[in-house]
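Okay, structure first, notes after.
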Amino acid sequence: MIVNNMTQAYRYPIGIDPADIDFMGHVNNATYLKWVQSAVISHWQKLAPAEAVARHLWVALKHEITYRKPAFLDDEVFASVVLEKVEGARAFYQTLIKRGEDVLAEVQSSWCCLDAATRRPARIAKDIAAYFFPERD
């Protein structure tokens with residue numbers, strides 16, 4: 001099953017901790033991975049039914065990050081998460097890390113859905129995918 005309608009953006013607020021700041025005075029590049037992980041998992045937990053959330057785990061397969069501008073300690077930053085498509089057990093996301101309208105980083109990532117009990121890949125059922133890709137009028 002391939003679902004490819006692209007969802008509406010999910011807004012995920014990000015808090016910047018002093019530990020996120022590197023020797024150059026801005027957010028360390030590795031911190032962006034932590035943010036993307038949290039944002040994508042939050043997207044799943046918010047939209048999927050509770051029983052699906054309990055039965056499935058997500059692991060990242062690949063991240064491709066393009067850094068545009070630095071983020072600083074006092075910035076108000078958020079992730080704009082878009083699920084682009086689902087193929088079998090894989091989901092493909094685009095996440096923009098933003099400060100206001102400024103894009104700080106663009107992230108393309110792919111994820112694998114796992115059965116929580118067996119830790120083996122689990123296909124995304126069509127009825128579950130429908131929560132993320134509602135029918136459009």
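Couple of notes before you dig in:
- Scanning the range 57-110 for residues being over 16 Å from residue 38 (Cβ atoms), touching a helix residue (DSSP H, G or I) at 6+ places or on another chain (Cβ under 8 Å) and assigned to a strand (DSSP E or B) gives a total of 2.
- Consider the range 65-86 and keep the residues that are closer than 13 Å to residue 97 by Cα and of a type in the set (Asp, Glu). The one that is surrounded by the most Cβ atoms within 10 Å (Cβ to Cβ) is 75.
- Hits in the range 93-107 (condition: touching a Leu at 6+ places or on another chain (Cβ under 6 Å) and either of a type in the set (S, T, N, Q) or free of Cβ contacts under 8 Å to residues at least 40 places away in the same chain (or both)): 103
- Condition met for residue 74 (out of contact with any strand residue (DSSP E or B) (no Cβ under 9 Å at 6 or more places or on another chain) and closer than 22 Å to residue 19 by Cβ): yes
- Sub-9 Å Cβ pairs linking a first residue in the range 22-49 that is assigned to a helix (DSSP H, G or I) to a second residue that is loosely packed, with under 15 Cβ neighbours inside 10 Å and of a type in the set (Asp, Glu), at least 6 apart or interchain, are 29/22; 30/22; 31/17; 31/22, ordered by first then second residue.
- Unmet criterion (only one of (1) more than 15 Å from the chain's Cα centre (by Cα); (2) buried (at least 16 other Cβ atoms within 10 Å of the Cβ)) for residue 47: (1)
- Tally of residues being more than 20 Å from residue 39 (Cα to Cα) and either in contact with a strand residue (DSSP E or B) (Cβ under 6 Å, 6 or more places away or on another chain) or part of a loop (DSSP other than H, G, I, E, B) (or both) across the range 111-129: 8
This table checks each residue for (1) over 13 Å from residue 132 (Cβ atoms); (2) touching a Lys or Arg at 6+ places or on another chain (Cβ under 9 Å).
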position	(1), (2)
66	yes, no
79	yes, yes
91	no, yes
94	yes, no
111	no, yes
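None of the figures in this text is laboratory data; all of them are computed from the coordinates on show. Just so we're clear, the structure is a prediction, and the values are computed from it rather than from any experiment. Cβ: placed from backbone, ideal geometry, glycine included. Neighbour counts: every protein chain shown.
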